[in-house]
Each structure stands twice: as structure tokens, then as C-alpha cells.
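Chemist: Just dropping this structure here.
The values are calculated or read from the model by the stated rules, or taken from the named source; none is laboratory data. Note that this is a predicted model, so its numbers are computed, not measured. Note: ideal-geometry Cβ built from the backbone for every residue, glycine included; neighbour counts use all protein chains shown.
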Amino acid sequence: MIFDEGWVIIKGRGISLVTPEGLALFRHRKQVCGMRFVQTVFVAICRFIIAGIFWFSLRLSNSLTFHGAEQDTGEPRTYLAMTHKRDIDPLILVPALLFRRGWRGLAGDVRFALRGDGFTRGFLARILRRPNRLAWLLRSLSIGSILRWLGAYPTEGLLRPAEEWIREIMRVDGNVQAETILSPAFIQTFACQTRLSVEAVRAWPLERLLRWSNYTALQKLYGPEMLLSTKRRHIEKRVVARIHAQLDEIVASFWQGAALLGSPEGKLSPDGRISPLHAGFQRIVRAAPPDLQIVPIALSYDFMTSKRRHVFVDFGPVLEYAPKFSQAELAVRVRRSWLLHAHFTCTQLASGFLVERHAASCLEFSLSDLVHAVHQQAQAQASAGRAVDPRLLRVASATKRARGYLAYVERRGLIQPCAPARWRIAFAELTINSGPYEVAYNDVPLLYAYNELQDLLSVS
């Protein structure tokens, strides 16, 4: 700092001000910088604690294996693009990414895209999935400001919980009567689910629909079609404008040098197959800096087992200068990388064995039949250079995994024992009828895993 003829010149900042004001400004800026440093340290500590909690809690019930994590070199302007199989996918990746990137990751260089309703009141209650006492206590809480402070961005869509549509209407039009804004189809469905008369629901003000007794019915996801077609336009435009603003905020973070963990699919895989890349992802890439790079990350769950669940996390090679690709080419490259580097598991290979035996009407099988098929397919895929659960490449450990699988499907009633170490297939034709943003891995696990297998086999 140099004093010259009554002026203050601060080297490296290009500031020249009259002495008293200049000194005050200089002190103010030092104070602001100090506060920012303290805030950065506090954010890093909070992120470290939260990531540690995630890591510890997930390790209690899951075994985790990471492959290719060195593909994330810690560069800025990186989209860490994960497949989306479970709600816990980000919880698995957050600790690994933050700890790998060190101080910069913990201090906020890594951001996270989170579904939009995570920033609204009642999100914690919503993810509990059922209205018990704890959900009732959490329903009034909003953690949106905390999530933003920790580096998360909302990414809304036009498919939202009915509760959020009703709150959106009330913010714009007030506490109007239900039949003046909600579609007859939605009112009919809501009345059926809550065991109320359609006439009563039509006459209700919207606020009455938000009562706790109706909580479960309002968690189903709807698009703008739940509103009357003659009334929805202004509400829909408001939501679309907010979606675009959220995407622009993510793009701005890339221009500032941030890295982002997100899901290009934009939703959980409903049936086991990889979903088409979301339009919002394509919009982000088109507006991002030209040197944006994408790191594909595939998650595979060996979940059909009576033993400890295993999760494989596979990082694919970096796709550099992603904005140069056309939308179609980028979608092909990301999808291909996910599938080529994902692990084959016992869940997938054994499910393929059962589905194919059922299709061939060979309903009885032995433990040795299953082990032989799984072991043989695992060796074939490994020989072709694909990633395979190494336990399936040895007969003894493959037998152990097969026993855990059989115990799971027998408990589900999909097979029945018919002799010592022999079973009979007990399921009929399997179908998945999932609504928007609903997933079938718990309701129809066998077909879900078989679809995963067919997806993996579709590339070579």
C-alpha cells in the first residue's frame, strides 16, 4: 500500500481513493476477505462431517468397490455424470469425490444437483415414504437454505409431487376452491385414495387438501395435467421459468470453474435400463464453457442377495470438450461409457439364468446349474474385457453368491424348493408398470435385474 499526495493506492487491486475513505475501504475489504475465509473453512468442516456420516452409515449396510476413480483428476469445469439407480447414489459418491479432491472439494469447488423438491418444505418427511410420527414431525421443516449453503443446486421438473403443485397454485392464485383449478381426473383419483366423496373434494379450498390425513395421496408425482387445461398455462410458465433459471445457475457455476455431480438421466431408472438423457442436461452442456469435460460414473447394485449388498462404482474415461458433440453423439458416448465400464454382478447374471429358463419352459434347476451358468458367463465377459465381480470368477465364491441369491428369490416366492439343492421356478410372466419417477427394483426385482443385464449386453 503506497500513500501518494493524499491518495491511497493498493497494489494489485487498482484502487485509488482519498485517504480517509480509502483506508476505510481497505479495512472493509480485509474484513470481508477474513469473513469469507472463515465461512469457507466452516463450509469445509460441515462438508467433511456430513461426508463422513454418509461414508460410515453406508458402510454399515453395504460393501463398496470403486474402479477408475483416477479418471476424476480434480480439474475444474467437470460434470461428474452418474447413472441413477437408487436414492442413495449421491450419498455413495459424495464422500469419495470430496475426499479425493481434498481441500478444494471440501471448500466448495464440487457442487451437487439435487431434485427440486429437496429444497421445499417437507422433503425430509417425503423421503421417509410413509407418514409415521417422525414424518409428521419433519413435515414442516425446509432444509433448502442449508443445502444451498453446502453447495447444492435445485433441479426441478414438470413432474412433481401433487403437494408441490398445490402449493405453487396457492402462491399464485391463493386458497381457491379445488374444482376451479384442479382437473376432474385428479380430483377423482385423490378422492378415491383418501376415501372421500368427489363432491366434497371439489368444494374444498386448496389448503384443506394439504391436511396431514391426505399426506400419502399428495406424494404421487404429476405433471401440469393435474390442473385444468384452461387454467394451467400461467402456473406452468412460472415453473418452466424457474427450471430455466436453475439450469442457468448451474451453467454459471461451470463458467466460474466449479465441478458438478449430477444425473444426466434426470430421474431414477424405472425398470433397470438406462433412461434417455434429460433435456436439462443437454441444455447445460450447450451453454457450458467449451472445455467442459464429462466423467461418466456407473453404479451397479448386487442387491438380490440374503447377504451383504455390494455396490460397484465405475468411472469411465473423460469425455473432453463435451459441448463440441451433437446432442445425439453425446448421448451415445455417455451411455456407451456407462455400460462398457459397469460391473456384471450375480444379481444380473443369475436373473438372466432364471428368466431364460422360464422362457424355455425348463422350470426345474439345481444349485450346480445356476453356479455353472453364472461362472461361465462371468468368465466369458471377463475374457471379453468387461468388468465382472471377481468373486464370480472362482467356483467356490460364485457358489456362495448363488446361495445368497437363491435365498433372496425363494423368500420372494419366485422359486420353490422341490428337492435337496433343487428348485422350481414359481413366477409367471413378469411385467413392470411403473408410474413417472417410480422404480421397480423392489416390486419386480427379477425383471429389473434382467433388464440391467440386457442393457449391459447391448454394447461390446
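Chemist: Please go through (1) exposed (fewer than 13 other Cβ atoms within 10 Å of the Cβ); (2) closer than 30 Å to Val110 by Cβ; (3) of a type outside the set (D, E, K, R); (4) touching a strand residue (DSSP E or B) at 6+ places or on another chain (Cβ under 7 Å) for Ala241 and return the number of the only condition it doesn't satisfy.
Modeler: (4)
Chemist: Given the criteria free of Cβ contacts under 8 Å to residues at least 60 places away in the same chain, within 25 Å of Thr431 (Cα to Cα) and not β-branched (Val, Ile, Thr), does Glu356 qualify?
Modeler: yes
Chemist: Go over the candidates Ser197, Ser142 one by one and state the one that is within 30 Å of Leu98 (Cα to Cα) and hydroxyl-bearing (Ser, Thr, Tyr).
Modeler: Just a single option satisfies the conditions, and that option is Ser142.
Chemist: Name the residues in the range 223-264 that are in contact with a Pro (Cβ under 8 Å, 6 or more places away or on another chain) and not hydrophobic (A, V, I, L, M, F, W, C), would you?
Modeler: Gly223, Arg232, Glu236, Gln246, Gly257, listed by residue number.
Chemist: Does Phe281 satisfy the condition of being assigned to a strand (DSSP E or B) and not acidic (Asp, Glu)?
Modeler: no
Chemist: Separate question: For the range 168-180, how many residues are farther than 10 Å from Arg202 by Cα and not in a helix (DSSP H, G or I)?
Modeler: Number satisfying all stated conditions: 3.
Chemist: Is it fair to say Val311 is farther than 20 Å from Val388 by Cα and among the hydrophobic types (A, V, I, L, M, F, W, C)?
Modeler: Considered against the rule, which asks whether it is farther than 20 Å from Val388 by Cα and among the hydrophobic types (A, V, I, L, M, F, W, C), Val311 comes out as no.
Chemist: Give the residues of the range 244-259 that are outside any helix (DSSP H, G or I) and surrounded by 13 or more Cβ atoms within 10 Å (Cβ to Cβ), sorted by residue number.
Modeler: Gly257, Ala258, Ala259
Chemist: Just to be sure, is Tyr441 crowded, with 20+ Cβ neighbours inside 10 Å, in a loop (DSSP other than H, G, I, E, B) and modelled with pLDDT under 95?
Modeler: Yes.
Chemist: Tell me, please, whether a residue that is among the acidic types (Asp, Glu) and without any contact (Cβ under 8 Å) to a residue 12 or more places away in the chain can be found in the range 383-390.
Modeler: Within the range 383-390 (the criterion being among the acidic types (Asp, Glu) and without any contact (Cβ under 8 Å) to a residue 12 or more places away in the chain), the answer is no, since none of the residues qualifies.
Chemist: Related question: Against the definition (within 29 Å of Leu150 (Cα to Cα) and either part of a strand (DSSP E or B) or under 27 Å from the mean Cα position of the chain (by Cα) (or both)), how does Ala217 come out, yes or no?
Modeler: So Ala217 fails the test.
Chemist: Moving on. Among Leu58, Leu93, Leu97, which is the only one that is at pLDDT below 85, assigned to a helix (DSSP H, G or I) and either surrounded by 16 or more Cβ atoms within 10 Å (Cβ to Cβ) or not assigned by TED's automatic domain parsing to the domain that holds Leu150 (or both)?
Modeler: Leu58
Chemist: Would you point out the residue of the range 307-324, among those that are within 15 Å of Ala288 (Cβ to Cβ) and touching a residue at least 40 places away in the same chain (Cβ under 8 Å), that is surrounded by the most Cβ atoms within 10 Å (Cβ to Cβ)?
Modeler: Across the range 307-324, the extreme among qualifying residues is Ala322.
Chemist: Looking at Pro276, Pro289, Pro264, Pro270, can you tell me which residue is touching a strand residue (DSSP E or B) at 6+ places or on another chain (Cβ under 7 Å) and part of a loop (DSSP other than H, G, I, E, B)?
Modeler: Answer to the check: Pro264.
Chemist: Across the range 326-343, which residue is nearest to Gln381 (Cα to Cα) among those that are touching a Ser or Thr at 6+ places or on another chain (Cβ under 9 Å) and in a helix (DSSP H, G or I)?
Modeler: Looking at residues that are touching a Ser or Thr at 6+ places or on another chain (Cβ under 9 Å) and in a helix (DSSP H, G or I), I get Leu340.
Chemist: Name the single residue, out of those in the range 260-292 being basic (Lys, Arg) and touching a residue at least 60 places away in the same chain (Cβ under 8 Å), that is surrounded by the fewest Cβ atoms within 10 Å (Cβ to Cβ).
Modeler: If we take residues in the range 260-292 being basic (Lys, Arg) and touching a residue at least 60 places away in the same chain (Cβ under 8 Å), then Arg273 is surrounded by the fewest Cβ atoms within 10 Å (Cβ to Cβ).
Chemist: Is it the case, given these coordinates, that Gln454 is within 24 Å of Arg273 (Cα to Cα), in contact with a Leu (Cβ under 8 Å, 6 or more places away or on another chain) and surrounded by fewer than 20 Cβ atoms within 10 Å (Cβ to Cβ)?
Modeler: When the stated conditions are applied, Gln454 does not pass them.
Chemist: Could you check, for the range 388-406, whether at least one of its residues is in the same structural domain as Leu447 (by TED's automatic domain parsing), surrounded by fewer than 17 Cβ atoms within 10 Å (Cβ to Cβ) and closer than 30 Å to Gly262 by Cα?
Modeler: Scanning the range 388-406, I find at least one residue that is in the same structural domain as Leu447 (by TED's automatic domain parsing), surrounded by fewer than 17 Cβ atoms within 10 Å (Cβ to Cβ) and closer than 30 Å to Gly262 by Cα, so the answer is yes.
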